[in-house]
Amino acid sequence: MTNTESCTNSLKGKHIVLGITGGIAAYKAAVLTRLFIKAGAEVQVIMTPNACEFITPVTLSTLSGKPVIKEFFTANTGEWHSHVDLGLWADAFVVAPATASTIGKMANGIADNMLVTSYLSTRGKVFVAPAMDFDMMLHPSTKRNIDLLKSYGNIIIEPAEGELASHLIGKGRMEEPENIIKAVAAYFDSKQDLKGKCVLVTAGPTYEKIDPVRFIGNYSTGKMGYAIANEAAKRGAEVILVSGPVEGLQVEPGIELHKVESADQMLAMAQQGFERADVAILSAAVADYRPAEYIDHKIKREKSGIESIQLVKNPDIAATLGANKRNGQILIGFALETDNENSNAIDKLHRKNLDMIVLNSLRDAGAGFGVPTNKVSLIFADGRPQLDFPLKSKAEVATDIIDNMLKL
Ligand code: CTP
């Protein structure tokens, strides 16, 4: 298998924004574009005005199959190019070659062209392949700016040593396109760390029917559980998502989604899924009680004479799975508390035979039901120290949970 072929799978279908800046190495961007396209990626090229002095946009638009973006507006039509849309579209943003000037602008947020503006809006991984003269590379300002980019989580594809355009010999030559492709592919590959694993997730509330028009429920919206299921699927897992009634949430392609309503139904599906699962993450807010009796007609205010509803205990899904856990299976639960947070969570961790519990407190602003953010602590059964995280988006919390689940 050739190097390019081995990259094919991880880059297939990926959205790559390729930012080209004004340096001699810009000519190599044509080969880079071609290799991304051959590997099955979609490429949108953005060029700085100076880059157009080194290589023509026509070459890049022909190779990428998309018009090159150079400015905020297309001069003849007035069409606006949205850097925000591009930033959301990109799975990876690759700046190659990256001049000292663009690196400085990226490091300091100087958004005076389409490339840097799109960079600031990008949520995908950013790769920077510097290319400049030997002395520029060694300058303290370049070093500081590169360190700043690293501190933002950007990946620097270090330049190679060799003869430079100035005929000086040293470090500064842009890494070869084949190696840039490998670095980007390796990033997507490493994120496939759940390949071959089956992850069961419960999410959302349960509804316990009182009569045909009423139920006992709770405020859970399912956002946290869906974020976990989507993150696990993106990282290559086979995902079984057992979801209570929720609205407007998207699932990644390939997720096996089972919609249920009551705790009994959720238990039945979860038990079935648990037979195949390596890991179960139970984020559902399961109703603890249900009406002892379902009344099959609408209870009338005057005629029914009902004053109270007799309740019976629902099954505890987490505890049931915990009691039947096979060797090597991992069980993760949630605890949403309002007081005595830590001791309640630790009690649940042991009572339900969990390996890890995700504690969130309703006393923390931005945590809990309905909001797009969460603030959690992870507590482990094997005695490793508790981890306390700051307020983050639920997608980021899902990443933290899965990263730590992998360490179990
Ligand atoms: N859970 C479950 N089945 C239930 C109740 C809870 O699977 N019938 C799971 C939740 O999905 C969560 C964990 O158990 O992962 C803790 O849920 P929580 O409602 O906090 O626990 P309870 O045991 O119901 O405790 P309490 O209501 O006393 O806080």
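Restricted to region 280-297, and to residues that are out of contact with any helix residue (DSSP H, G or I) (no Cβ under 8 Å at 6 or more places or on another chain) and surrounded by 14 or more Cβ atoms within 10 Å (Cβ to Cβ), which residue is farthest from residue 260 (Cα to Cα)? So, considering only residues that are out of contact with any helix residue (DSSP H, G or I) (no Cβ under 8 Å at 6 or more places or on another chain) and surrounded by 14 or more Cβ atoms within 10 Å (Cβ to Cβ), the one farthest from residue 260 (Cα to Cα) is 295. Could we say that residue 347 is out of contact with any Ser or Thr (no Cβ under 8 Å at 6 or more places or on another chain), within 30 Å of residue 328 (Cβ to Cβ) and open to solvent by 40 Å² or more (accessible area, probe 1.4 Å) here? Criteria met by residue 347.
For region 61-76, the condition holds for at least one residue, the condition being that it is within 21 Å of residue 10 (Cβ to Cβ) and open to solvent by less than 50 Å² (accessible area, probe 1.4 Å).
Of 305, 244, 254, 236, all but one fail to be farther than 23 Å from residue 399 by Cβ and more than 16 Å from the ligand (Cβ to nearest atom); the exception is 305.
Within region 285-302, if we keep just the residues that are at pLDDT 95 or above and more than 13 Å from residue 210 (Cβ to Cβ), the residue that is farthest from the ligand (Cβ to nearest atom) turns out to be 285.
Say we look at region 77-130 and pick out the residues that are in a loop (DSSP other than H, G, I, E, B) and open to solvent by 50 Å² or more (accessible area, probe 1.4 Å); which of these is farthest from residue 158 (Cα to Cα)? Ranking the qualifying residues of region 77-130, first place goes to 77.
Of all residues in region 128-158, which are touching a residue at least 60 places away in the same chain (Cβ under 8 Å) and under 23 Å from the mean Cα position of the chain (by Cα)? Matches in region 128-158: 157 only. Applying the selection to region 327-340, what residues are more than 11 Å from the ligand (Cβ to nearest atom) and surrounded by 14 or more Cβ atoms within 10 Å (Cβ to Cβ)? Within region 327-340, 329, 330 qualify.
Yes/no per residue for (1) among the β-branched types (Val, Ile, Thr); (2) surrounded by fewer than 18 Cβ atoms within 10 Å (Cβ to Cβ); (3) part of a strand (DSSP E or B):
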site: 195; (1), (2), (3): no, yes, no
site: 200; (1), (2), (3): no, no, yes
site: 219; (1), (2), (3): no, yes, no
site: 226; (1), (2), (3): no, no, no
site: 231; (1), (2), (3): no, no, no
site: 257; (1), (2), (3): no, yes, yes
site: 269; (1), (2), (3): no, no, no
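For region 311-326, a tally of residues being over 29 Å from the mean Cα position of the chain (by Cα), within 9 Å of the ligand (Cβ to nearest atom) and of a type in the set (Val, Ile, Thr) returns 1.
The values are calculated or read from the model by the stated rules, or taken from the named source; none is laboratory data. A quick note: this is a predicted structure, and the numbers were derived from the prediction, not measured. No Cβ is skipped: glycine too gets one built from the backbone with ideal geometry, and neighbour counts run over all protein chains shown. For accessibility, only protein heavy atoms count, side chains too; no ligands or nucleic acids. Shrake-Rupley method; radii C 1.70, N 1.55, O 1.52, S 1.80 Å.
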